[in-house]
1. For the stretch 25-68, how many residues meet the condition of being within 23 Å of Pro156 (Cα to Cα), assigned to a loop (DSSP other than H, G, I, E, B) and touching an Asp or Glu at 6+ places or on another chain (Cβ under 9 Å)?
2. Of all residues in the stretch 76-103, count the ones that are of a type outside the set (A, V, I, L, M), more than 27 Å from the chain's Cα centre (by Cα) and part of a loop (DSSP other than H, G, I, E, B).
3. Is at least one residue of the stretch 197-207 out of contact with any Gly (no Cβ under 9 Å at 6 or more places or on another chain) and among the β-branched types (Val, Ile, Thr)?
4. Condition check: hydroxyl-bearing (Ser, Thr, Tyr), part of a helix (DSSP H, G or I) and under 18 Å from the mean Cα position of the chain (by Cα). Does Thr272 satisfy that?
5. Please count how many residues of the stretch 81-137 are hydroxyl-bearing (Ser, Thr, Tyr) and in contact with a helix residue (DSSP H, G or I) (Cβ under 6 Å, 6 or more places away or on another chain).
6. For the stretch 320-333: of the residues being hydrophobic (A, V, I, L, M, F, W, C) and surrounded by fewer than 17 Cβ atoms within 10 Å (Cβ to Cβ), which is nearest to Val373 (Cα to Cα)?
7. Just give me the residues in the stretch 48-62 being at pLDDT 95 or above and farther than 16 Å from Val247 by Cβ, in sequence order.
8. Within the group Gln108, Gln115, which residue is within 25 Å of the chain's Cα centre (by Cα) and either of a type in the set (A, V, I, L, M) or buried (at least 18 other Cβ atoms within 10 Å of the Cβ) (or both)?
Amino acid sequence: MTILIEIGLGLGLVVLLIPSLVLLVECTAALLPRRSCGATQEGRPRVTVLIPAHDEAGVIRAAIESVHGQLKSGDRLMVVADNCQDDTAAIASQAGAEVIVRDEPERQGKGYALQRGLDQLESDPPQVLVMLDADCLVADGAIEALVQAAATTQRPVQARYLFQSPARPDPMDSVSAFACLVKNVVRPTGLDNLGLPCPLVGSGMAFPWPLIRSASFAGDNLVEDLQLGLDLALSGHPPLYCYEAVVSTHLPKNPAVRSGQRRRWEHGHLATILSQVPRLVARAFRAGNAKLLAMALDLCVPPLSLLVLLVAVLLGLSVLAGLLGCSWIPTILGLVALFLVAAAIVEAWIRFGRSQFPWKMALAIPWYALRKVPIYIGFLIRRQKAWVRTEREPPGGSTSDDQ
């Protein structure tokens with residue numbers, strides 16, 4: 001029995017060493033001088049910005065207004081008002097967008113809305129398509145940077161996607177925003193500095209038209225953006241990260257809404273790890289493709305809170321087993337894994353988060369991770385499989401309403 005316990009704990013911690021090391025490498029690489037996301041070309045390709053919107057009356061105008069000033073003659077801004085029960089379509093039209101009304105309640109999901117938009121553009125396609133969520137704001141110059149990068153590299157491009165803390169954030173809000181920062185900014189920056197592709201994260205994505213037209217979105221995948229990036233990489237078009245292009249939104253303040261959003265993201269992420277990592281690794285070794293292997297290793301890093309929980313639990317069990325007479329080797333492995341994760345978090349905070357998040361935020365990390373245990377238990381016993389829209393708040397995220 002003692003040997004079985006030692007082997008079980010040891011194997012578990014060896015497995016955790018892989019994502020822990022990957023996380024540290026990415027965060028360390030993010031400290032290097034940043035690369036430009038692509039050379040510019042003379043003249044700008046024709047662009048369409050596509051915004052899927054389901055009951056987004058409270059936020060759609062701000063999103064449209066953030067885009068309008070960056071469009072040029074011949075560009076289009078299209079909103080797909082998807083199964084809306086509010087004034088999304090009317091507000092979007094008043095704000096100057098082309099509006100497509102989709103009414104198919106039996107087919108719910110962002111993917112269906114995107115597919116409808118692509119079908120509508122088929123007769124007069126742009127050269128580059130930019131996808132934006134309806135609750136996001138686009139910083140000045142972001143459209144230009146995304147479009148130029150996509151046109152010059154002929155690859156999908158992901159913007160720097162920021163999640164802002166709501167007004168008057170509590171410690172949980174700060175930890176959540178920091179976890180999103182690590183996932184959406186620090187790690188992709190590290191990958192890009194190493195010359196490696198990044199994942200697609202859902203908003204602020206640009207695609208050369210031939211690439212995106214060949215994709216299929218007609219489904220309710222919980223993380224359709226992540227899957228799209230993997231599919232494009234497998235077809236020879238790995239996504240590129242563009243730090244210069246900034247897209248931002250606010251984390252919801254309401255705990256119930258925030259929990260639902262996290263449940264969808266993290267169940268989708270974990271399901272994708274289980275289904276896609278073996279596929280990517282197999283293809284990478286068959287083709288000798290280091291970029292696919294890098295994407296597989298990046299994907300195998302679970303949500304930050306789950307990684308912290310797993311390392312802490314197995315380390316605690318290893319210490320207990322050691323006190324009861326088992327080998328201390330699992331404890332040593334656990335301490336190494338803990339050091340790797342802690343070092344990655346500290347590096348990310350010093351370089352990217354120190355100005356936004358006080359160091360006292362770290363005291364809330366254990367409680368934040370524990371509060372997400374029900375999400376991970378739910379993945380094992382009642383996994384979310386259907387797409388459910390996150391309730392929106394007014395811009396600023398300060399009223400009742402990633403890692």
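1. Total satisfying the criteria: 8.
2. Let us first name the residues in the stretch 76-103 that are of a type outside the set (A, V, I, L, M), namely 76, 82-88, 93-94, 96, 98, 102-103.
Add one more test, that the residue is more than 27 Å from the chain's Cα centre (by Cα), and what stays is 85-87, 93-94, 96, 98, 103.
Add one more test, that the residue is part of a loop (DSSP other than H, G, I, E, B), and what stays is 85-87, 96, 103.
Total satisfying the criteria: 5.
3. Applying the first criterion (out of contact with any Gly (no Cβ under 9 Å at 6 or more places or on another chain)) to the stretch 197-207 yields 202-204, 206-207.
In the following step, the residues that additionally are among the β-branched types (Val, Ile, Thr) were identified as none.
No; the residues of the stretch 197-207 include none that is out of contact with any Gly (no Cβ under 9 Å at 6 or more places or on another chain) and among the β-branched types (Val, Ile, Thr).
4. Working: hydroxyl-bearing (Ser, Thr, Tyr): yes; part of a helix (DSSP H, G or I): yes; under 18 Å from the mean Cα position of the chain (by Cα): yes.
When the stated conditions are applied, Thr272 passes them.
5. So in the stretch 81-137, the residues hydroxyl-bearing (Ser, Thr, Tyr) come out as 88, 93, 112, 123.
If we keep only those that are in contact with a helix residue (DSSP H, G or I) (Cβ under 6 Å, 6 or more places away or on another chain) as well, we get 88.
The total comes to 1.
6. Let us first name the residues in the stretch 320-333 that are hydrophobic (A, V, I, L, M, F, W, C), namely 320-321, 323-324, 326, 328-329, 332-333.
Okay, now just the ones that are also surrounded by fewer than 17 Cβ atoms within 10 Å (Cβ to Cβ), so 320, 323-324, 328-329, 332.
On the way: Leu320: 22, Leu323: 27, Leu324: 27, Trp328: 27, Ile329: 27, Ile332: 25 Å.
Within the stretch 320-333, the match that is nearest to Val373 (Cα to Cα) is Leu320.
7. Within the stretch 48-62, Thr48, Arg61 qualify.
8. Values: Gln108 fails: either of a type in the set (A, V, I, L, M) or buried (at least 18 other Cβ atoms within 10 Å of the Cβ) (or both).
Result of the check over Gln108, Gln115: Gln115.
The values are calculated or read from the model by the stated rules, or taken from the named source; none is laboratory data. Owing to the predicted nature of the structure, the values given are computational and were not obtained by experimental measurement. Heads up, the Cβs are rebuilt from the backbone with ideal geometry, glycines too, and the neighbour counts pull from every protein chain shown.
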